[in-house]
Amino acid sequence: MSVLQQPPVVPVPEPAEDEGARRRLLRSLAEGELSALRVVLMLALIWMIFQVQEERFLSSANLTNLILQITSIGLISVGVVLVLLLGEIDLSVGAVSGLCAGVMAVLTVRHGWAPVPAIGAALALGCAIGTFNGFMVVRFGIPSFVVTLAGLLAWQGGLLYVLGSTGTVNLPPGPITDLAGTFYGAAAGWAIVAVAVAFHTLLAVRRQRRRAAAGLPSAGMARVVAGSVLLTATLGAAVMVFGADRGVPLAALILVGFVALFSWLTEDTLFGRHLFATGGSVEAARRAGIKVDNVRIVVFALCSTMAAAGGVMAASRLLAVNQSSGGSDTLLLSIAGPVIAGVSLFGGRGRVWAALLGALVIGSISNGMDLLALTSSVKYMITGAVLLVAVTIDALARRQRNLAGRH
Amino acid sequence: MERFVAKGVSKSFGAVEALVDVDFEVDAGEVVALVGDNGAGKSTLIKAISGVQPGDAGEYWFEGEQVEIHTPLDAYRLGIATVYQDLALCDNLDVVANLYLGSELRASGIGGTLRVLDEIAMEQHTLELLGALSVTTLSSVRTEVGSLSGGQRQAVAIARSLIGEPRLVILDEPTAALGISQTAQVLALIERLREQGLAVVVISHNLANVFHVADRIVVLRLGRRAATFDRRTTPQDDVVAAITGASMPRPELLLGPDGTAVSL
Ligand SMILES: Nc1ncnc2c1ncn2[C@@H]1O[C@H](COP(=O)(O)OP(=O)(O)OP(=O)(O)O)[C@@H](O)[C@H]1O
Ligand SMILES: [Mg+2]
């Protein structure tokens, strides 16, 4: 006789041991549903500060620039989020983005490859490098910190090697530079908003219906409507801002598209569940029969592939690949962004949307400081301070959890 | 026919004889407590039965049929589920996700091809399962397991072991870290498993709990099966004596492997 075939008795919800409304609010701000809100508030604050100092900051021209500036970092951050969810780190993303962009540039400019195969080659190289990283971590148990630190050096060398003595490859106008240089008019923008909102609403309604049909508590239609309104407002505002300048950038669509894709992958699929489980407790995941080694290798492969995509995007915007591509602060910013936006460095907690929000925060700070013509020294110190605050919040949230977990 | 029988299980670690020719049996709808001092071999026996660490020797019968247990998968396929003392839960996932960890349900149709999770079915079954076990202290099955109390976590771990519809459930120290009321919850849960007709093995150092929940008590001492008692007719002191080896238990209380009183 099976336990599962017992008549369903829905457990009576008892008032759970109360942890106090204030602590619950703090906790949800730190890690729960409200962590996104926290980042949005942080972003609003940053925007206000810069707007007060420099009125060009919130102009549509500058906001469009901001989006173009963060696409590359945002794409790299998407991969970084996956690795962070695993509780690992990838320090080679900057170098990999540079190397892959370099390979793409050299293949198109010097070897006459068509743009699409060249981009494909860049992504494939990223994937191969990531697979190698994952393999080293899994097979030899080397900490990912060390494997990717070695990669950071080696792939930087790889970039210098493929660029050769000239040190720079300029990209002629074409499909590659169009990635960052294409803008769509207002009509197309509104059409995209309509499709996105309709799609989102349809899915949300279907989900609520099915939950209700299954007798499960559902959030209710009010919540669905509120979500759709919020989405419409956000996207609509974006289209209006972009429309007042050059139009909706293709780059923004690519970034949001990848974020949405990986959001779905991590939150709705088997792979995502196994990724979170592995990041939460490797041992528990292993004993549950999850092939944790495969999960790890795939995640490292995805991370480096996204780094390559970010490199392609950066090359497209700067119209060239040179020796400093993917260097300087690419790595730090692409890791700092998700961490600021609430992805835990300790694994198992965070959302892919943090890549976008984090890139916006980091990008706004950097863009605003450029507008104010601050020196690099000040810029680095301020960015570092913001990162430190964010990591401290993460550590505090974690300690809070450990206390609350009572074990 | 007993649901599960082990005969002649032995295991040594170098010079240490952790198990010497141990027989063990548990029937459907029966709770057997496995007791013994530290290092008596309880965990080693459980690990052999659950395939985690196969014994050096030993034969197993499941529902009258001789079977081989070499890996955890062998045990799982037979319907043997083990709840380890450390529970092996993912604190960052909710109750539903933990219950179905490693055996997630997938959506049908194109969603299945894309390996999309069927959250609704999993949540529904979780509610049914917890309902059948009368677990009522969870306010929501979407709560993160890391924020649950020790008793609730234990309940989740036990419920989790039932997802594969096992027929023998082994619990290693299920109440060791729990307070009085949470211990009572877990013991009630164990009784619920017995009512469902499962064979249940419980390892515990707490004789009060053992006497509360077990039908039979098997004592291991220095890797050997020292004694077997019927809970209803045995005073606690006799079990203590068998565990410590202080004296031979009173013969009229001893049971043979077939469950009948031994006449000496
Ligand atoms: N992996 C191992 N390597 C070496 N010796 C081991 C190993 N596992 C168990 N032993 C030894 O086997 C004996 C039985 O250990 P076991 O863990 O089965 O005891 P136990 O009855 O579960 O004790 P406790 O109540 O402390 O959990 C002990 O002497 C122990 O030291
Ligand atoms: Mg033990």
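Listing for the model above:
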quantity: Subset tally (residues that are more than 14 Å from every other protein chain (Cβ to nearest Cβ), of a type in the set (A, V, I, L, M), within 15 Å of B:Val26 (Cα to Cα) and away from ligand 2 (no atom under 14 Å from the Cβ)) for the stretch B:170-225; calculated: 5
quantity: Entirely in the stretch B:32-101, the helices (runs of 4 or more DSSP H) that have 1 or more residues that are over 26 Å from B:Phe211 (Cα atoms) and in contact (Cβ under 8 Å) with a residue 12 or more places away in the chain; calculated: B:72-78, B:95-99
quantity: Qualifying residue in the stretch B:106-121 (condition: within 18 Å of B:Asp91 (Cα to Cα) and either crowded, with 20+ Cβ neighbours inside 10 Å or more than 10 Å from every other protein chain (Cβ to nearest Cβ) (or both)); calculated: no
quantity: Selected residue (criterion: surrounded by the most Cβ atoms within 10 Å (Cβ to Cβ)) from residues of the stretch A:256-278 that are more than 30 Å from A:Ala238 (Cα to Cα) and facing chain B (nearest Cβ under 7 Å); calculated: A:Ala277
quantity: Qualifying residue in the stretch B:30-38 (condition: over 29 Å from B:Ala241 (Cα atoms), more than 14 Å from chain A (Cβ to nearest Cβ) and away from ligand 2 (no atom under 13 Å from the Cβ)); calculated: no
quantity: Residue identified as buried (at least 23 other Cβ atoms within 10 Å of the Cβ) and either assigned to a helix (DSSP H, G or I) or of a type in the set (S, T, N, Q) (or both) among A:Met306, A:Met240; calculated: A:Met306
quantity: Within the stretch B:102-132, tally of residues that are within 30 Å of B:Ile46 (Cα to Cα) and in a loop (DSSP other than H, G, I, E, B); calculated: 4
quantity: Test: residue in the stretch B:42-63 that is within 13 Å of chain A (Cβ to nearest Cβ), in contact with a strand residue (DSSP E or B) (Cβ under 6 Å, 6 or more places away or on another chain) and either over 22 Å from B:Gly164 (Cα atoms) or away from ligand 1 (no atom under 15 Å from the Cβ) (or both); calculated: no
quantity: Any hit, the stretch B:133-147, residues being in a helix (DSSP H, G or I), open to solvent by 10 Å² or more (accessible area, probe 1.4 Å) and more than 9 Å from chain A (Cβ to nearest Cβ); calculated: no
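Conditions tested, residue by residue: (1) charged (D, E, K, R); (2) part of a loop (DSSP other than H, G, I, E, B); (3) open to solvent by 80 Å² or more (accessible area, probe 1.4 Å); (4) at pLDDT 95 or above.
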position	(1), (2), (3), (4)
A:Thr166	no, yes, yes, no
A:Ala196	no, no, no, yes
A:Ala204	no, no, no, no
A:Gln208	no, no, no, no
A:Arg211	yes, no, no, no
A:Gly215	no, yes, no, no
A:Ala219	no, yes, no, no
A:Gly227	no, no, no, no
A:Gly236	no, no, no, yes
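The values are calculated or read from the model by the stated rules, or taken from the named source; none is laboratory data. What you see is a predicted model, and the numbers here were worked out from it, not measured in a lab. Here the Cβ is made from the backbone with ideal geometry for all residues, glycine too, and neighbour counts use every protein chain on show. For the accessible areas, the whole protein counts, side chains as well, though only heavy atoms, and no ligand, DNA or RNA atoms are used. Shrake-Rupley method; radii C 1.70, N 1.55, O 1.52, S 1.80 Å.
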